[in-house]
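Shown next, in structure tokens, is the structure this report addresses.
The values are calculated or read from the model by the stated rules, or taken from the named source; none is laboratory data. Remember, it's a predicted structure, so these values are computed and weren't measured experimentally. Here the Cβ positions follow ideal geometry from the backbone for every residue, glycine too, while neighbour counts run over all protein chains shown. Note: areas computed on protein heavy atoms with side chains; ligands, DNA, RNA excluded. Shrake-Rupley method; radii C 1.70, N 1.55, O 1.52, S 1.80 Å.
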Amino acid sequence: MRLPTTPPIYLDHHATTPVDPRVAAVLLHAMTTAFGNANSAEHIYGEVAAILVADARREVAELVNADPEGVHFTSGATESIRLAIAHAIAAPRHGPLRVALTTVEHRAVLDAVATYERKGEVSVTWLPVDGQARLDVAECAAACEGVDLVCIIAANNEVGTLYPVEEIAEVAGRAGARTLVDATQAAGRIPIDAAAWGITYLVISAHKIYGPKGVGALVVPPALDVRSSHGSTPGTGDGTPNVPGIVGLGEACRLRRLEMADDEPCMASQRNRLEALLLSGIDGLVVNGDRSGRLSNNLHVSVPGVPNDAVVSRLRRHVALSTGAACSSGAQTPSHVLRAMGLSEALQEGALRIGTGKFTTDEEIEQAAQHIVQAVAATRIMARTGPMPVTAPAGARSAKAVRAKPHLRGTGGL
Ligand code: PLP
């Protein structure tokens, strides 16, 4: 399957970002020219590769103000999270690891914690959020007393709400707990100061910041030996490091450090324009999350009672956006984030996650708004009038499959 010659407008940057051509250029160089094994540095090829890896480590560290010695390359955020939690579990103590975590963490954190909880190695304290997915720092402070590890997502991957990482890390530090900050969506978009904020484990992924897929980092204070809980981490010297991926991550971090301050306000104004167009074009549209403290590229909306999968299907040829977070299997499940926020069934059913990006143009914003308004209007009519009677042509989907999702019938825009 190929993308069409006129591909749909891409507005799903929370799922992944396109690789910046400048990142792709250094990556290609590391694959084809500087292709040495960084662990085999007796000759110039290996030496160059080792230098590239060291440079990338410095770039990652610089983006989040950390010590390069504490940067461990991984295959992405999921592996970084697992490594961090495994390391925290391995620390000597009596009884299970007492973990406090928000109800809106990414699945990667929830699943890792649940796995250890089932084995009796973790006990959980939940940190609830309000209707805009915000945390109450005072409530967190009380809940974090006596815990060993506090997990906080820096920016939510669905509704984009930003979290007070500095304050929570301070609360955790006062309680004698470690902090795991999932900065997968936030790094390179908002300033992060791992050293000054006393973050124990910081998680980064390249493919969310215009870098390649399959590479990320776990950033820890240099004294912490995260390898002891895992045996080894990719890129740290035991296996052959993924030099092109690591180089791509480093370049992506360098570009975000240099360009974030200019890019982010532009993306916020595009997002605001899109939001205004949708609010004026769609009756009853609700904007979810914290409008005064969210990622600059995030627009999460609900059209109550209008099934989001029908809208996304109608948009398929025009705009790529999402009904929510894709889990690791790729299946869409009801959003635990929206449920944690206490959104009504109608708001959950009508939820659309829109994520603009660095390369999104103003023209695309205008066009996307028109398409989304039209798709919602058409879906609404369909929901009101019911499906048109159709005579299924030979080879069409079975009547049973069509009956299972009545709002998908007749979606001519597919
Ligand atoms: N954490 C957050 C907040 C995310 O948004 C994602 C990806 O969607 C992950 C973790 C997992 O990232 P990766 O794909 O690098 O494993």
Checklist entry - Which residues, taken from the range 362-389, are open to solvent by 50 Å² or more (accessible area, probe 1.4 Å) and under 22 Å from the mean Cα position of the chain (by Cα)? => result none
Next on the checklist: The conditions are (1) out of contact with any Pro (no Cβ under 8 Å at 6 or more places or on another chain); (2) within 21 Å of ILE209 (Cα to Cα); (3) crowded, with 23+ Cβ neighbours inside 10 Å, and ILE85 fails exactly one of them. Which is it?
Outcome noted: (2)
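Of everything in the range 142-157 that's part of a loop (DSSP other than H, G, I, E, B) and away from the ligand (no atom under 16 Å from the Cβ), which residue is surrounded by the fewest Cβ atoms within 10 Å (Cβ to Cβ)? Explain how you work it out, then say what you get.
Of all residues in the range 142-157, those part of a loop (DSSP other than H, G, I, E, B) come to 144-148, 154, 156-157.
Filter once more, so that each one left must be away from the ligand (no atom under 16 Å from the Cβ): 144-148.
Numbers: CYS144: 24, GLU145: 13, GLY146: 11, VAL147: 22, ASP148: 22.
Here the residue is GLY146.
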Item to check | Condition met for LEU315 (more than 17 Å from the chain's Cα centre (by Cα) and surrounded by fewer than 22 Cβ atoms within 10 Å (Cβ to Cβ)) | outcome: no
Checklist entry - Out of the range 1-49, which residues are away from the ligand (no atom under 16 Å from the Cβ), within 29 Å of HIS371 (Cβ to Cβ) and either open to solvent by less than 40 Å² (accessible area, probe 1.4 Å) or part of a helix (DSSP H, G or I) (or both)? => result PRO8, ILE9, ASP20, PRO21, ALA24
Checklist outcome for this item: Of those in the range 112-125 that are more than 20 Å from PRO164 (Cα to Cα) and in contact (Cβ under 8 Å) with a residue 24 or more places away in the chain, the residue nearest to the ligand (Cβ to nearest atom) is ALA112
Checklist entry - Taking VAL203, is it within 19 Å of HIS13 (Cβ to Cβ), within 16 Å of the ligand (Cβ to nearest atom) and assigned to a loop (DSSP other than H, G, I, E, B)? => result no
Item to check | First in the range 361-375 and assigned by TED's automatic domain parsing to the domain that holds SER280, second anywhere and of a type in the set (D, E, K, R) and outside any loop (DSSP other than H, G, I, E, B), Cβ under 6 Å, 6 or more apart | outcome: ILE365/ARG273; ALA375/ARG314
Checklist outcome for this item: Counting only residues that are under 12 Å from THR102 (Cβ atoms) and not in a helix (DSSP H, G or I), the range 158-178 contains a total of 3
Item to check | Odd one out for MET341 among (1) at pLDDT below 95; (2) surrounded by 22 or more Cβ atoms within 10 Å (Cβ to Cβ) | outcome: (1)
Checklist entry - Residue check, SER269 against (1) open to solvent by less than 20 Å² (accessible area, probe 1.4 Å); (2) of a type in the set (S, T, N, Q); (3) out of contact with any Ser or Thr (no Cβ under 7 Å at 6 or more places or on another chain), all met but one. Which one? => result (1)
Item to check | Condition broken by THR78, with the remaining ones in (1) under 26 Å from the mean Cα position of the chain (by Cα); (2) buried (at least 23 other Cβ atoms within 10 Å of the Cβ); (3) part of a helix (DSSP H, G or I) satisfied | outcome: (2)
Item to check | Residues of the range 165-196 that turn out to be touching a Cys at 6+ places or on another chain (Cβ under 9 Å) and away from the ligand (no atom under 16 Å from the Cβ), as a count | outcome: 6
